[in-house]
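A short worksheet on the structure shown next.
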Amino acid sequence: MKKLLIASLTLFSSLCMADIAVIAHPATADVSLDEVSRIYMGRAGNLMPVNLPENHPLRDQFEQEALGRSPAQMKAYWSRLVFTGKGRPPVEVDSVQAKIEFVASNPNSLGYIPASEVTDQVRVIATIAN
Amino acid sequence: MVSKIKQLSLGVLLACTASAAHADIRFNGFASIQGGTTLSSSDRLYGYDNEIDFKNESLFALQTQADLGDRLSVTAQLMGRGSNDFNAEFEWAYLTYELNNQTRINAGRLRTPFYRYSDFMDVGYAYDWARVPNSVYNLDFNNLEGVSLVRFGQLGNVDSSLQFIVGSYSGTTNITPAPADLSIERVAGVTWELTQGNLSARLAYLTGKLTMVDQDGQLTGLLEMLSESGFADTASQISIDDARSTFMGLALGYDNGSMVLSGEVVRARVSDSVIPTQNGFYLSAGYRVNSFTPFVSFERRDNDAKADIYQALAEGNPFRERVAALVEEFAIKRDTWNLGSRYDFHPSAALKVQFSSQKDKVADRRDQLLTVGIDLVF
């Protein structure tokens with residue numbers, strides 16, 4: 001049942017683009033979307049961004065809407081930094097649920113999830129509305 | 001109680017040692033497989049001739065990074081180039097110490113940051129062209145052994161990346177047709193990259209002391225004869241001995257997600273030597289349509305030979321002809337047009353097709369090249 005729900009949610013989000021909530025540990029202050037984008041591009045180092053696996057529809061949507069780049073462009077962007085010792089891509093977790101748990105237990109971390117899946121373990125610090 | 005504490009601290013110590021021994025090691029890699037041929041039997045360009053060749057520009061690289069904890073990590077990149085029969089060499093090998101979130105120090109074998117794309121010029125996946133523009137990216141020495149400090153920061157809403165580097169290089173190059181031993185001592189440089197939204201700009205300034213000695217001794221022999229025959233001035237104007245060298249580069253870029261514009265202009269000077277001022281620039285424009293990025297670019301390389309070296313010799317001087325021939329070998333005037341497209345057909349691979357047409361105004365010839373290649377990152 002749960003799997004079906006996730007599958008249909010995934011389908012739903014890829015069809016009509018859900019709102020995205022940027023979440024952090026409850027103790028974290030608000031961060032502007034500009035800053036979130038900077039953090040996910042590895043240009044600001046105070047918070048630790050958490051990513052979803054490559055090809056995850058929500059990751060593709062987030063990168064397109066918040067960072068303005070396609071998956072291939074993001075890969076090219078990181079390959080410029082990874083092979084030169086200038087930066088590392090964000091850590092990846094397998095699922096939205098794993099991301100919520102990671103962010104809830106790491107005070108300086110930051111993630112993005114579908115706005116509809118926000119729990120009280122985390123705090124929404126910014127929203128990308130569609 | 002005491003013994004328990006001892007046991008506990010021993011346990012902690014063992015745990016720490018174990019975690020250090022099992023450092024977090026990650027592997028990344030990239031590869032390019034590129035095939036090409038010139039369009040007519042007399043054309044020669046970038047190592048290609050009229051026979052289809054898959055070796056010339058192909059390469060494989062594997063990078064390993066070991067995180068040693070406490071902000072220290074070690075990175076090594078092993079690369080095999082087709083042009084070197086895929087013999088693997090360490091292209092990079094350095095340790096990184098993160099002073100803080102904004103500042104990191106790299107020490108070891110590093111890429112010399114002459115150009116905007118120096119750091120990742122071998123990672124074809126990182127750009128749209130089949131190769132970085134040769135009119136600008138043409139120095140034979142891309143690496144050095146030394147120390148670099150990179151500082152990231154923000155100036156208002158502009159992202160800044162400032163790099164200082166010191167080091168030295170020794171290797172071989174081709175001076176005139178003959179190979180030469182080359183060394184650059186006391187390399188010191190600074191680069192500054194600024195990014196705001198879709199715009200980026202980069203400045204580079206490097207200096208060093210360049211020495212070149214030709215291996216077959218022809219140049220050295222000529223210089224000795226000149227000195228012995230009373231033309232020591234001419235000899236010293238030619239010789240490349242601890243010559244003060246400077247490099248300047250300016251790059252601008254614009255990328256709004258669909259439109260990709262870039263340009264770079266460089267100038268290199270080697271004082272008191274036969275090597276003339278090296279000038280080069282390129283302009284490139286591309287447009288992303290879904291997975292395709294067609295582009296067009298123009299490059300120019302324009303080096304005037306230091307004719308005053310031989311013009312200072314009298315018309316009847318027995319050395320004049322040889323000196324003139326040597327000096328004029330350093331004149332390079334080439335214009336190149338490139339037309340091509342990148343196609344992102346896979347999340348980790350891009351297919352590229354590029355046509356290049358180069359006009360050599362010194363040799364008065366045109367060479368045309370077509371290449372098809374795949375660039376991967378993994």
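The values are calculated or read from the model by the stated rules, or taken from the named source; none is laboratory data. Everything numeric here is computed off the predicted structure, so don't read it as measured data. Neighbour counts run over all protein chains shown; Cβ positions are idealised from the backbone, glycine included.
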Checklist entry - So, in the range B:96-110, of the ones that are among the aliphatic types (A, V, I, L, M) and outside any loop (DSSP other than H, G, I, E, B), which residue ends up nearest to the other protein chains (Cβ to nearest Cβ)? => result B:110
Checklist entry - Here is a list of conditions, (1) more than 23 Å from residue A:41 (Cα to Cα); (2) away from chain A (no Cβ under 11 Å); (3) buried (at least 20 other Cβ atoms within 10 Å of the Cβ), and residue B:168 meets all of them except one; can you say which number that is? => result (3)
Next on the checklist: Checking the conditions here, which among B:363, B:324, B:331 is touching a helix residue (DSSP H, G or I) at 6+ places or on another chain (Cβ under 6 Å), of a type outside the set (Val, Ile, Thr) and more than 14 Å from chain A (Cβ to nearest Cβ)?
Outcome noted: B:324
Item to check | Residues within the range B:247-275 that are at pLDDT below 95 and within 13 Å of chain A (Cβ to nearest Cβ), tallied | outcome: 4
Item to check | residue B:85 being surrounded by fewer than 17 Cβ atoms within 10 Å (Cβ to Cβ), under 23 Å from residue B:29 (Cβ atoms) and touching an Asp or Glu at 6+ places or on another chain (Cβ under 7 Å) | outcome: no
Next on the checklist: Take the conditions away from chain A (no Cβ under 14 Å), without any contact (Cβ under 8 Å) to a residue 40 or more places away in the chain and part of a strand (DSSP E or B) and apply them to residue B:285. Does it pass?
Outcome noted: yes
Next on the checklist: With the structure loaded, tell me whether residue B:240 is in contact (Cβ under 8 Å) with a residue 40 or more places away in the chain, under 25 Å from residue B:324 (Cα atoms) and either of a type outside the set (Lys, Arg) or within 14 Å of another protein chain (Cβ to nearest Cβ) (or both) or whether it fails that test.
Outcome noted: yes
Next on the checklist: Any residue at all in the range B:310-317 that's in contact (Cβ under 8 Å) with a residue 60 or more places away in the chain and either under 22 Å from residue B:118 (Cα atoms) or among the acidic types (Asp, Glu) (or both)?
Outcome noted: no
Checklist entry - Within the range A:20-70, how many residues turn out to be of a type in the set (Ser, Thr, Tyr), within 14 Å of another protein chain (Cβ to nearest Cβ) and buried (at least 16 other Cβ atoms within 10 Å of the Cβ)? => result 3
Checklist entry - How about the range B:155-165: which of its residues are under 22 Å from the mean Cα position of the chain (by Cα), closer than 22 Å to residue B:196 by Cβ and aliphatic (A, V, I, L, M)? => result B:162
Checklist entry - Counting residues that are under 29 Å from residue B:350 (Cβ atoms) and not basic (Lys, Arg), which helices (runs of 4 or more DSSP H) fully inside the range A:22-130 reach at least 3? => result A:33-40, A:57-66, A:71-82
Next on the checklist: Given the options B:77, B:34, name the one that is more than 29 Å from residue B:357 (Cβ to Cβ) and among the polar types (S, T, N, Q).
Outcome noted: B:77
Item to check | Counted residues, the range B:319-353 - those being in contact with a Lys or Arg (Cβ under 8 Å, 6 or more places away or on another chain) and not hydroxyl-bearing (Ser, Thr, Tyr) | outcome: 12
Next on the checklist: The conditions are (1) surrounded by 19 or more Cβ atoms within 10 Å (Cβ to Cβ); (2) under 17 Å from the mean Cα position of the chain (by Cα), and residue B:152 fails exactly one of them. Which is it?
Outcome noted: (2)
Next on the checklist: Condition check: outside any strand (DSSP E or B), in contact (Cβ under 8 Å) with a residue 60 or more places away in the chain and within 12 Å of chain A (Cβ to nearest Cβ). Does residue B:113 satisfy that?
Outcome noted: yes
Checklist entry - Only one residue in B:194, B:182 is in a strand (DSSP E or B) and within 14 Å of another protein chain (Cβ to nearest Cβ), so which one is that? => result B:194
Item to check | Number of the condition not met by residue B:325 [criteria: (1) surrounded by 15 or more Cβ atoms within 10 Å (Cβ to Cβ); (2) of a type outside the set (S, T, N, Q); (3) assigned to a helix (DSSP H, G or I)] | outcome: (1)
